[in-house]
Amino acid sequence: MKDPARRHPEKAHRPDNPIQRKPDWIRVKAPVSPAYNETRKLMRELDLTTVCEEAGCPNIGECWAKKHATVMIMGAICTRACAFCNVATGRPFALDPLEPEHVATMVAHTGLQHVVITSVDRDDLEDGGAAHFVRTIEAVRRESPDTTIEILTPDFMRKPGALEKVVAARPDVFNHNLETVPRLYPAIRPGARYFHSLRLLARVKELDPGMFTKSGIMVGLGEDKGEVGQVMDDMRSAEIDFITIGQYLQPTAKHAAIDRFVTPEEFGAYEKSAYAKGFLMVSASPLTRSSHHAGEDFARLRAARQARLAAAAE
């Protein structure tokens, strides 16, 4: 499904939005390393889908060269049609019952110390795919008990009990992205609801106060600095530990247009502001993505919590 018209039939009628030339600070090299090719081969052998490929992540060359890949479970077809996302939209296939074991095999084979597992939205499933997340977490735990697990989930909207089921499986990090500011939801994330997503993350902390929570947004979609600051405040009210902020990059002419390229200096200001608001960990840069440097960031996140607890005990 390389053809944009087939990947995104719901966008075919829309007028084209010209794709802007990227500034120097956001260009990356094409992936060519032997380790990248080895990672790609392993994913194909195990019939695994990665968000790195499906979403066209600009960091794929760097991450796969280190044998780090973000696995996308439950297929490559999403039931939502967000204006920013390059994952294919349509009617998904049935779940692969062997997928959890394949993910576990990949983690064991590569020796990952930290794995990120995400998924498409599966509004067609009664539990939104929660049980499949649980089976995948459990399979990884059996094969690689020392590997820490980070999940990046859909919003489980109108799926009673789904969130509770996933939290009970005890992933180390629960990530769900707010993606953008509330004002832009109708245009950018029409199938979701900002305050539902925020409430989802707050509920994780209610269920397991010790679980790390994480969320991210894109900038360059037309938001202003005040709105980004408000999202930070909302996240902190939900006790979110880790925020990621990255530049939106337009996948095709049918996707939402880039309003502007945010400068590295502005990202630096966002990072400083986020730390001042109390986040344990902040990643803010043009190429920041939810799972970029996830393993290293998790180690820093855990260290930051220990340092804060030690300071509070003094």
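Tell me the mean residue ellipticity at 222 nm calculated for the chain from its helices only (DSSP H runs of n ≥ 4, each -39500 (n - 2.57), averaged over every residue, nearest 500).
Value at 222 nm, helices only: -11500 deg cm²/dmol.
Please figure out what share of the DSSP beta bridges in the chain is antiparallel and state it in percent, rounded to the nearest 5.
The antiparallel proportion sits near 5 percent.
Could you tell me whether the range 218-314 comes out rounded, prolate or oblate from its Cα gyration tensor? Rule is a ≥ b ≥ c as square roots of the eigenvalues, rounded for a/c under 1.5, then prolate if a/b exceeds b/c, otherwise oblate.
prolate
Among P92, H8, V173, whose Cα sits farthest toward the positive end of the charge dipole of the chain (+1 at Cβ of Lys/Arg, -1 at Cβ of Asp/Glu, about the Cα centre)?
Projecting each Cα onto the dipole axis, the largest value belongs to H8.
Keeping all protein chains in position, work out how much accessible area D241 exposes to a 1.4 Å probe, and write it in Å² to the nearest 10.
The accessible area of D241 comes to roughly 20 Å².
Given the C-alpha centroids of the range 258-314 and the range 118-161, what is the distance between them in whole angstrom?
25 Å
Counting heavy atoms of the protein chains only and a 1.4 Å probe, report the per residue accessible area for the chain as a whole number of Å².
That works out to 46 Å² for each residue.
Multiply the residue gap between A108 and A12 by 0.36 nm, knock off their C-alpha separation, and tell me the result in nm, one decimal place.
The span from A108 to A12 would gain 30.4 nm if fully extended.
Compute for the range 258-314: radius of gyration divided by Kirkwood radius, i.e. Rg/Rh, restricted to C-alpha atoms, rounded to two decimals.
Rg divided by Rh gives 1.07.
Any idea what the dipole of the range 177-276 comes to, in debye rounded to 20, about its Cα centre with Lys/Arg Cβ at +1 and Asp/Glu Cβ at -1?
The dipole of the range 177-276 has a size of about 340 debye.
Would you kindly calculate the translational diffusion coefficient of the range 146-236, applying Stokes-Einstein with the Kirkwood radius from alpha carbon pairs, for 20 °C and a viscosity of 1.002 mPa s, and quote it in µm² s⁻¹ without decimals?
In µm²/s, the coefficient rounds to 154.
Quick check for me: using +1 on Lys/Arg Cβ and -1 on Asp/Glu Cβ, what's the dipole size of the chain about its Cα centre, in debye to the nearest 20?
Result for the chain is approximately 480 debye, rounded to the nearest 20.
P(r) tail for the chain, what percent of Cα pairs lie past 36 Å?
The proportion of pairs with Cα distances above 36 Å equals 12 percent.
Tell me, what is the Rg over Rh of the range 117-269, with Rh the Kirkwood radius over Cα pairs?
0.98
Would you work out which of N17, A192, H109 lies farthest towards the positive end of the dipole of the chain? Charges go on Cβ: Lys and Arg +1, Asp and Glu -1.
Positive-end residue among those listed: N17.
The values are calculated or read from the model by the stated rules, or taken from the named source; none is laboratory data. What you are looking at is a predicted structure, and each value in this text was computed from that prediction instead of being measured. In this analysis, Cβ positions are derived from the backbone assuming ideal geometry, glycine residues included, and neighbour counts consider all displayed protein chains. Side chains included, ligands, DNA and RNA excluded: accessible areas come from the protein's heavy atoms. Shrake-Rupley method; radii C 1.70, N 1.55, O 1.52, S 1.80 Å.
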